[in-house]
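Participant: My questions all concern the structure below.
The values are calculated or read from the model by the stated rules, or taken from the named source; none is laboratory data. Everything numeric in this text was worked out from a predicted model, so none of it was measured. Counting neighbours? That spans all protein chains shown, and the Cβs are built from the backbone with ideal geometry, glycine included. Just the protein is used for accessible areas: all its heavy atoms, side chains included, with ligands, DNA and RNA removed. Shrake-Rupley method; radii C 1.70, N 1.55, O 1.52, S 1.80 Å.
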Amino acid sequence: MGYTEMAIEGRNAVIEAFRSGKTIDKLFILDGCQDGPIMTIKREAKKQDCQIKYVKKEMLDQLSETGKHQGVIAKMSSYDYASVEYILERARQKGEDPFIFLLDNIEDPHNLGAIIRTANLAGAHGVIIPKNRAVGLTAAVARASAGALNYTPVAKVTNLNKTMEELKKEGLWFVCADMDGTTMYQLNLKGPIGVVIGNEGEGVSRLVKENCDFTASIPMKGDIDSLNASVAAGVIAYEIVRQRWTK
C-alpha cells in the first residue's frame, strides 16, 4: 500500500481540480493576493473545508516544481488501490471465509476512514468503493482511519453491482444494512460475506439493494431514527465477528 503526494500548480489548474471533484488536502496561496481567480479558489476551498496556508513568494518558489505557480499551489494525497482479487487472496492466505465491506456512495471522508478502521479491527479482508459519487482515498480519510489504511486494502470499482455478481461466483453472499430489514440477530451471518453500507443520507441505492441476499436492520431504542454509516458498519461487523467466533 503506497502513498504519494501530488502538487497542482497555477490558477486554472487548481480551479479545475476543485471543480472536477478532486480532494485537495492543502492549499498554499500567496499572502495578500486578492484577485478574481484567487478569490474563486478560496471559495472552492471553503466549500471543501480545505486547509489554506498564506505564504510568501519565496516559499511558493521553493514548493514549485514547474516555476509557474501564479501564486497558488495545491497538494493532493493519493493512496494506491488494491484489486478485488488481492482482497480475496488475503482471505485465502489466512484460511478464512472472505469478509468484505462494500460501500455504496459514501461521501464523507470521516465516515470512509472510520469504516476502514472498523474493517481492520473486525478482521475484514478489504473494502470496496465505487469510482463515482463517492469519496476516494485522501489524507482526511487516512487520518480518520487512524493508520488502518496502511493495512486494510481498498479496491475501487466502476460498477458495484457487476463486482457483486462476480463475487457471488466466488461464493460470497451479501447483506445490506437498512432500517426496514430483518433484525440482524435473527440472521445467519456466517460464511463468505459482503456487507453493504449505504450513503449517509439516502442509504443503499435500489439496484445494489436488490442485488443483496439479505437486508439486516439494527435494533434501535432511541429517539432518533438512524445511525451514522460508520457506526452502523461497526455494529454489523461485530455481530459477524461474534457469529464467526461462536462455533
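Participant: Evaluate the stretch 76-97: report whether one residue or more is in contact (Cβ under 8 Å) with a residue 60 or more places away in the chain, part of a helix (DSSP H, G or I), out of contact with any Pro (no Cβ under 8 Å at 6 or more places or on another chain) and farther than 30 Å from residue 176 by Cβ.
Facilitator: So far as the stretch 76-97 goes, no, none of its residues is in contact (Cβ under 8 Å) with a residue 60 or more places away in the chain, part of a helix (DSSP H, G or I), out of contact with any Pro (no Cβ under 8 Å at 6 or more places or on another chain) and farther than 30 Å from residue 176 by Cβ.
Participant: Of the numbered conditions (1) closer than 20 Å to residue 156 by Cβ; (2) in contact (Cβ under 8 Å) with a residue 24 or more places away in the chain; (3) of a type outside the set (D, E, K, R), residue 66 fails exactly one; give the number of that condition.
Facilitator: Only one criterion is unmet by residue 66, namely (1).
Participant: Being of a type in the set (Ser, Thr, Tyr), more than 16 Å from residue 112 (Cβ to Cβ) and in contact with a strand residue (DSSP E or B) (Cβ under 9 Å, 6 or more places away or on another chain) narrows it down to one residue among 230, 205; which is it?
Facilitator: 205
Participant: I would also like to ask the following. Report whether or not residue 18 is of a type outside the set (Val, Ile, Thr), open to solvent by less than 60 Å² (accessible area, probe 1.4 Å), touching a helix residue (DSSP H, G or I) at 6+ places or on another chain (Cβ under 6 Å) and within 30 Å of residue 118 (Cα to Cα).
Facilitator: It is true that residue 18 is of a type outside the set (Val, Ile, Thr), open to solvent by less than 60 Å² (accessible area, probe 1.4 Å), touching a helix residue (DSSP H, G or I) at 6+ places or on another chain (Cβ under 6 Å) and within 30 Å of residue 118 (Cα to Cα).
Participant: Right, another one. Can you spot a residue in the stretch 188-200 that is closer than 23 Å to residue 48 by Cα, open to solvent by less than 50 Å² (accessible area, probe 1.4 Å) and not acidic (Asp, Glu)? Give the derivation first.
Facilitator: Pass one, the stretch 188-200, residues closer than 23 Å to residue 48 by Cα: 198-200.
After this cut, where a residue has to be open to solvent by less than 50 Å² (accessible area, probe 1.4 Å) as well, the list is 198-199.
Next, from what is left, pick out any that are not acidic (Asp, Glu): 198-199.
Yes, that holds for at least one residue.
Participant: With respect to the numbered conditions (1) farther than 30 Å from residue 83 by Cα; (2) touching a residue at least 12 places away in the same chain (Cβ under 8 Å); (3) among the hydrophobic types (A, V, I, L, M, F, W, C), which one is the sole condition not fulfilled by residue 6?
Facilitator: (1) is the only condition that residue 6 fails.
Participant: Given the criteria of a type outside the set (Lys, Arg), assigned to a strand (DSSP E or B) and surrounded by 20 or more Cβ atoms within 10 Å (Cβ to Cβ), does residue 216 qualify? Working first, answer last.
Facilitator: Numbers: of a type outside the set (Lys, Arg): yes; assigned to a strand (DSSP E or B): yes; surrounded by 20 or more Cβ atoms within 10 Å (Cβ to Cβ): yes.
For residue 216, the condition - of a type outside the set (Lys, Arg), assigned to a strand (DSSP E or B) and surrounded by 20 or more Cβ atoms within 10 Å (Cβ to Cβ) - is met.
Participant: Which of the residues belonging to the stretch 24-44 are of a type in the set (Asp, Glu), more than 25 Å from residue 109 (Cβ to Cβ) and open to solvent by less than 60 Å² (accessible area, probe 1.4 Å)? Steps first, please.
Facilitator: Residues of the stretch 24-44 of a type in the set (Asp, Glu): 25, 31, 35, 44.
So of that shortlist, the ones also more than 25 Å from residue 109 (Cβ to Cβ) come out as 31, 35.
Passing the criteria: only 35.
Participant: How do the pairs read when you match residues in the stretch 39-53 that are at negative phi with residues anywhere that are part of a loop (DSSP other than H, G, I, E, B), using Cβ under 6 Å and keeping only pairs 6 or more apart or on different chains?
Facilitator: Close Cβ pairs (under 6 Å, with a partner that is part of a loop (DSSP other than H, G, I, E, B)) amount to 50/24.
Participant: Residues of the stretch 171-183 being within 17 Å of residue 100 (Cα to Cα) and open to solvent by less than 30 Å² (accessible area, probe 1.4 Å), which ones?
Facilitator: Of everything in the stretch 171-183, those that are within 17 Å of residue 100 (Cα to Cα) and open to solvent by less than 30 Å² (accessible area, probe 1.4 Å) turn out to be 172, 174, 175, 176, 177.
Participant: Just give me the residues in the stretch 55-83 being surrounded by fewer than 13 Cβ atoms within 10 Å (Cβ to Cβ) and modelled with pLDDT under 90, in sequence order.
Facilitator: If the condition is that a residue be surrounded by fewer than 13 Cβ atoms within 10 Å (Cβ to Cβ) and modelled with pLDDT under 90, then 65, 66, 67, 68, 80 are the ones that fit.
Participant: Which one of these does residue 114 not meet: (1) crowded, with 19+ Cβ neighbours inside 10 Å; (2) under 25 Å from residue 191 (Cβ atoms); (3) of a type outside the set (S, T, N, Q)?
Facilitator: (2)
Participant: Taking helices (runs of 4 or more DSSP H) that do not extend beyond the stretch 1-65, which have at least 1 residues that are of a type in the set (Val, Ile, Thr) and within 27 Å of residue 143 (Cα to Cα)?
Facilitator: In the stretch 1-65, the matching helices (runs of 4 or more DSSP H) lie at 11-19, 36-48.
Participant: Looking at (1) in contact with a strand residue (DSSP E or B) (Cβ under 6 Å, 6 or more places away or on another chain); (2) open to solvent by less than 70 Å² (accessible area, probe 1.4 Å); (3) charged (D, E, K, R); (4) under 28 Å from residue 86 (Cα atoms), find the lone condition where residue 168 falls short.
Facilitator: It fails just one condition, (1).
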